[in-house]
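There's a structure below that I have some questions on.
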Amino acid sequence: LTIYGGTARFSNGKMMNVGKNAVGLESGHFYMNNSVIAEAYCAFRHWPSDPIVNSVIYNCNRLSNNNGQKFYNCIVVGVNEAWDWSSGTGNTYMNCVFWNEPGFGLQKLPGSAKASNGNIWANPLFVNPEKGDFRIAANSPCIDAGSGYYAPKKDYYGEPRMNVEEMRPTGSVSANGAVPDVGIYEVPGDGDTPA
């Protein structure tokens, strides 16, 4: 997807097995929420996009090819590098969960995300990412860990934001008083992930 001016919105969608670049922004605006980019060489190329919110970036060699991108409530798994992965400048990360399997890529947070803004390094515990199922399990560290200020009112499946009854929220509340989960999926209040 290459954008030359104007505004593009990508909500509740998946770009899987992209190959080279998932999103290239030459000019204009690109908004993404409740969406997945998986199996791309570079998830975001060129100009910084507008905020990427409650999304999953999975098994991409590079997260971005520029500085100035904003990631809120996102899960970033299996990514080798980002423009600012070690420099500590450029991109903004807030309430994001980062993870790489041991021995794969960089085993640390991006420099600009270290020990700040609610970001953590932890396995998000996806249900079945190899089959495109990026829901999180009931014991995921992503539960109730997002920023309510940025989260869309509903998740990828159209379910409202809610708190899991037995969890102690670590994020901040949204307009409906619930603390959102990180990523595309909101675990139900009883904590049971449906089949």
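Is it true that Tyr72 is out of contact with any helix residue (DSSP H, G or I) (no Cβ under 6 Å at 6 or more places or on another chain) and at pLDDT 85 or above?
Against the criterion (out of contact with any helix residue (DSSP H, G or I) (no Cβ under 6 Å at 6 or more places or on another chain) and at pLDDT 85 or above), Tyr72 qualifies.
Do we find that Arg135 is within 20 Å of Lys14 (Cβ to Cβ) and crowded, with 21+ Cβ neighbours inside 10 Å in this structure?
In short, yes.
Ok, one more. Can you tell me which residue is modelled with the lowest pLDDT among those in the stretch 34-63 that are outside any strand (DSSP E or B) and hydrophobic (A, V, I, L, M, F, W, C)?
Trp47
Of all residues in the stretch 144-163, how many are within 13 Å of the chain's Cα centre (by Cα) and crowded, with 23+ Cβ neighbours inside 10 Å?
Final tally of qualifying residues: 5.
Taking the stretch 98-150 on its own, how many of its residues are in contact with a Gly (Cβ under 7 Å, 6 or more places away or on another chain) and at pLDDT 90 or above?
Number satisfying all stated conditions: 10.
Report the residue count in the stretch 64-79 for those that are assigned to a loop (DSSP other than H, G, I, E, B) and either open to solvent by 50 Å² or more (accessible area, probe 1.4 Å) or of a type in the set (D, E, K, R) (or both).
1
Return the residue satisfying two criteria in turn: it lies in the stretch 1-33 and is farther than 20 Å from Ala151 by Cα and of a type in the set (A, V, I, L, M), and of such residues it is modelled with the lowest pLDDT.
Leu1
If you don't mind, another one. For the list (1) modelled with pLDDT of 85 or more; (2) on the phi < 0 side of the Ramachandran plot, I need the number of the one condition that Ser87 fails.
Every condition holds for Ser87 apart from (1).
The values are calculated or read from the model by the stated rules, or taken from the named source; none is laboratory data. Because the structure is predicted, anything quoted here is derived from the model rather than measured. Note that each Cβ is placed from the backbone with ideal geometry, even for glycine, and that neighbours are counted across all protein chains shown. SASA here: full protein model, heavy atoms, side chains in, ligands and nucleic acids out. Shrake-Rupley method; radii C 1.70, N 1.55, O 1.52, S 1.80 Å.
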